[in-house]
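Here the structure comes first, spelled out in structure tokens, and everything after it is commentary.
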Amino acid sequence: MRTLGLELADAGLAAALGGDPGTAPQPLVVPNRSGAADWPGYACSDGKTVTLGRAAEDLWFVQPRRIDLNFWARLGHDPSPLQVNGKTLSSSELAFLFLREFLTRAEPVAGRPGRVVLAVPGAYLRDPAIEEERVGLLLGMAHELRLPLVAVVDAGLAALCDPRGPGCDASLPVVLVDAGLTGAELTLFLPRGGALTRAAQLHLPQAGLAALRRQLTAALGNRFLRHTAFDILTDGRVEQAFFRQVHDFLSGDAAEHRFVISTGARTYEMNAKREQLAVDAPSAAAAIAQGLQDLIARQPGVPASLGTVALTDRAARIPGLEARLRAATPARVVRLPDQAAAVGATLLGHAAADAPADLAEVPVWTDVKLPAVTPIASGGWRLCVARTAGGDPENAPTHLVVAGLAHPLPRQRRFTFGPSTAAPDLPLPLPNGSPIWTLVQDGGRWRIAGIGSEAPTAPLAAGDRLEVALGDEKTELLLVRCLPSAGGAA
């Protein structure tokens, strides 16, 4: 029986389809009327009809007063700013029209699934009152659309179950960072009773993707004006075309982008590099990094080191965010695949009971059993040494620096580092079962012991870096030498 996983996200609805258990679910490409495959949560009304998704987003700078991009975030009976034939539409009515159009476009690709799982934003499950209202509205939509709904799940949990991802150690705390149009969400999951359980959630309205893209459009537009003497603000359609290029640059992986605006009489061009984006719009990344620290500080008993900070694909594209998070926490920071919540929801749906006859009995999952969470691939950890050019072996290190914190190397002959479960001298945010490494002191100099053929023969010097790596993931330890103070203290 085929299972459809649907992620309801205002940054873009996503779907995945799976067949029999054991078969890997596949993300679906659902084209809209114009053939585009993205479904951002925009709605536009001309007073007679409602335009949804990418087509509405393409009118944002042209007809801003006719646009609503908050209806998924608000999801309720409150009125939206849009009207059709004199009738004001509620946010839930817009969401229903959006979901209906998406499913209509998905049916030629996915067919009619035997079961459906909805992955919903963590904000929908923030407290019992909000959960009752918003899940109730979603159940009503499922009834109207005749969806064989088997479960509603926190999208962050579902994303951690995507087997394409880097995996995490579910026996340690995990923070999931997601970004929507109207704000970013940080959700803390803790291992409890054999399950990974939602424990706390923080919403950051100042870190939304819509505000970020508008800020980047303005900043890059000003640079474009200085570079070309052409002002993109002279016409809403020109500004919209420039916004689309900013959006595509931010959503892609290219290191640089050539902005091109043609007026018919003349073409204006400007090159921009990706590293400039973090300078042009630093506020979203800064807010999320601070939010992570605040979220952990409010949870008694949760270590600041955590285990994993997992970024959804759209959150990872916020300029400068990964670098700020790595500086803010020694936790393992990983990036999840695109459409991870939809794929994870599909997998969870395979193991669920069939759709109940009464939709009121559909379960809402805020925890999943630990085996359902994608683990880190076993083996493959390595320790490499990056030596400083011209490093002096006589310049013996006195401290190891990890995530900006210096840890003194003791006068004893051995010093260990590795996963906290192995109780090393220096715990690192590594999963259970990871190796533990040892530094040994020989004649006042430090060497690495017990790493086989990679063990360096020369002693370690201040300025050298140790890299604990699994694939592309790295935890870096910097060896430094602290000179004695004038008073003789180290």
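General observations
- Charge context of residue 277, other residues only, Cβ under 12 angstrom, K/R +1, D/E -1: +2
- Sequence-distant contacts, meaning Cα pairs under 8 Å at least 6 residues apart, place the relative contact order of the range 190-327 at 24 percent.
- Heavy-atom surface of the chain, accessible at 1.4 Å and reported per residue (Å²): 44 Å²
- Residue 275 paired with residue 382, simple spin-label distance in nm, labels 7 Å along Cα-to-beta-carbon: 2.6 nm
- Simple label model, 7 Å out from Cα along Cβ direction - residue 171 to residue 133, nm: 4.2 nm
- CD proxy at 222 nm, helix term only [per DSSP H run n ≥ 4: -39500 (n - 2.57); per residue of the chain; nearest 500]: -8000 deg cm²/dmol
- Taking all protein chains as shown and a probe of 1.4 angstrom, residue 48 keeps an accessible surface of around 150 Å².
- Spin-label proximity, residue 248 to the range 51-65 - amide N less than 18 Å from point 7 Å beyond Cα toward beta carbon: 54-62
- The HN-Hα couplings worked out from phi for the range 359-375 by the Karplus form 6.51 cos²θ - 1.76 cosθ + 1.60 (θ = phi - 60°) are 4, 5, 8, 5, x, 10, 9, 10, 8, 9, 4, 3, x, 6, 6, 4, x Hz, whole numbers, x standing for Gly and Pro.
- Helical segments meeting 18 Å axial Cα length and Kyte-Doolittle 0.0 threshold in the chain (DSSP H): 91-110, 128-144, 283-297
- Summary value for the chain: 16 percent relative contact order, contacts being C-alpha pairs under 8 angstrom separated by 6+ residues.
- Near residue 82, once Lys and Arg are set to +1 and Asp and Glu to -1 for all other residues with Cβ below 13 Å from its Cβ, the sum equals +1.
- The chain - percent of accessible surface contributed by carbon and sulfur, probe 1.4 Å: 52 percent
- Ordering of 267-280, 306-319, 363-376, 153-166 by burial proxy (mean other Cβ atoms within 10 Å per residue, highest first): 153-166, 306-319, 363-376, 267-280
- Residues of type lysines that residue 87 reaches as a straight line, Cα spacing below 23 Å, ignoring anything fewer than 8 places off in the same chain: 48
- Relative contact order [Cα under 8 Å, 6+ residues apart], the range 1-104, whole percent: 19 percent
- Net charge of Cβ neighbours under 12 Å - reference residue 249; Lys, Arg +1; Asp, Glu -1: +2
The values are calculated or read from the model by the stated rules, or taken from the named source; none is laboratory data. Here the structure is a predicted model, which means the values were calculated and not measured. We place every Cβ from the backbone using ideal geometry, glycine too, and count neighbours over all the protein chains shown. Note: areas computed on protein heavy atoms with side chains; ligands, DNA, RNA excluded. Shrake-Rupley method; radii C 1.70, N 1.55, O 1.52, S 1.80 Å.
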